[in-house]
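Single-structure report; data block below.
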Amino acid sequence: MHNSSQLCSPAARGRKPCYTESVSPATHLRSPVSRSWSTVLPLLLSVLVSLAAAGCTGGYNLVRRDTAGLGSSAWLSPALASDRAALERWSSAVGPPVLARHARAAVSASDTLVVASWNTALGHGDVDALFADLRREYPASPIVLLLQEVYRGGPEVPAVLEPAAVVAKRLGGRGDRPAREVEAAAARLELDLYYVPSMRNGPPPASDEDRGNAILSTLPLQDLTAIELPFERQRRVAVAATIGFTSSNGMPWTLRVASAHLDNMVGPKRLWFAGGELARTRQARALKESLSDAAAAVLGGDFNTWFGFSDRAYGELARAFPDTRVTDRRPTFLGVLRLDHLFFRVPDGWQVDFRRLGDRYGSDHSPLVAAIRLPIHPAPGPE
């Protein structure tokens, strides 16, 4: 979740015109019979939300951009020029993406794949402890971690910023933070890492960090893609990769995996939480389109669904990932809200079970863990 304020120059505080629409005065809603404010205000709010929904959930198309110096095989960005201009002010303050190869080359065949999604709360969450528990429960299975709010610190993050650059307020802060930096964690756990920063985590010189989403995997990560979502309140970049593995009978499989973090709310001019739902919906539409070509895909993340399973953003993604079957509906944020989700689109015969873990491992979010079981086909016979 994390609602962090922005630190930027006045020139960097643009707003898209679709959020400035207004409606006729409330008197236009009145009938000849006088209505109380308790009747008029809900109607007025309904009209405002309907107008915003009509005008502000579109414009979600993404286009490919030049990946020179970005360290990924593909980079998708919004087609709208206004979105790109705002995103560039945020991206100028972060370091480059990271691809680190630590996974062991030889991986045993397995009929079960484990995928976990978790918001680590900028160093408060203990990734090592989560991975150790997963490895104890699934000693021979490949494990993929879809992580949000991880951070990278060091000289790769710019120390001098452009005048128009935008940074986010610094989050996190523990005595053992260096050990929980995402690159260090991946190396220590011998996991492949794909990390793309969304925003700078505090201004220099107080901070040399950026933060964003990452995929860590015991399997090699291939076909990397950064997905820069439509701009709403903060820059959000989802990450996607493909993993390949082999079942016990020698059948090869591939799976597209992605980690995302959507905006949680917008300002008062955009109707706070109501406008935030519309903003998330636009980002969710872009996200589902970017993953539409994958026959087998798992999407995990902190989607900031303040309205839980009724949130429009959740509905957009659930329809695009029709094999999502939720049996554990418990809250994932501080025991109150269901902000985190896993979505599945898998071939016939695959079985998916996922649950929320009871331990938050130091974060304010609970991890979601899925066990994906492959069909056991007869081994191919001799020609």
**Study point:** Identity of the residue in the stretch 299-313, polar (S, T, N, Q) and closer than 12 Å to residue 284 by Cα, that ends up surrounded by the fewest Cβ atoms within 10 Å (Cβ to Cβ)
**Key:** 304
Practice item. Report, by residue number, each residue of the stretch 314-334 that is over 23 Å from residue 357 (Cα atoms) and either surrounded by 17 or more Cβ atoms within 10 Å (Cβ to Cβ) or in contact (Cβ under 8 Å) with a residue 60 or more places away in the chain (or both). Key: 316, 320
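Would you check which residues across the stretch 192-211 are of a type in the set (Ser, Thr, Tyr) and crowded, with 24+ Cβ neighbours inside 10 Å and list them?
Result: 194, 195, 198.
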**Study point:** Residues that are of a type outside the set (Phe, Trp, Tyr), more than 23 Å from the chain's Cα centre (by Cα) and within 29 Å of residue 298 (Cβ to Cβ), drawn from the stretch 134-165
**Key:** 135, 136, 137, 139, 140, 141
Practice item. Would you mention how many residues in the stretch 64-81 are over 23 Å from residue 100 (Cβ atoms) and modelled with pLDDT of 95 or more? Key: 5
Check your understanding: Restricting the stretch 222-244 to residues that are polar (S, T, N, Q) and farther than 14 Å from residue 259 by Cα, which is nearest to the chain's Cα centre (by Cα)?
Key -> 234
Practice item. State yes or no: is residue 256 basic (Lys, Arg) and either in contact with a Leu (Cβ under 9 Å, 6 or more places away or on another chain) or under 24 Å from residue 372 (Cα atoms) (or both)? Key: yes
Exercise for review: Mind counting the residues in the stretch 297-329 that are outside any helix (DSSP H, G or I) and under 16 Å from the mean Cα position of the chain (by Cα)?
Suggested key: 12
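The values are calculated or read from the model by the stated rules, or taken from the named source; none is laboratory data. None of these values were measured; they are calculated from a predicted model. Every residue, glycine among them, receives a Cβ derived from its backbone with ideal geometry; neighbour counts consider all protein chains shown.
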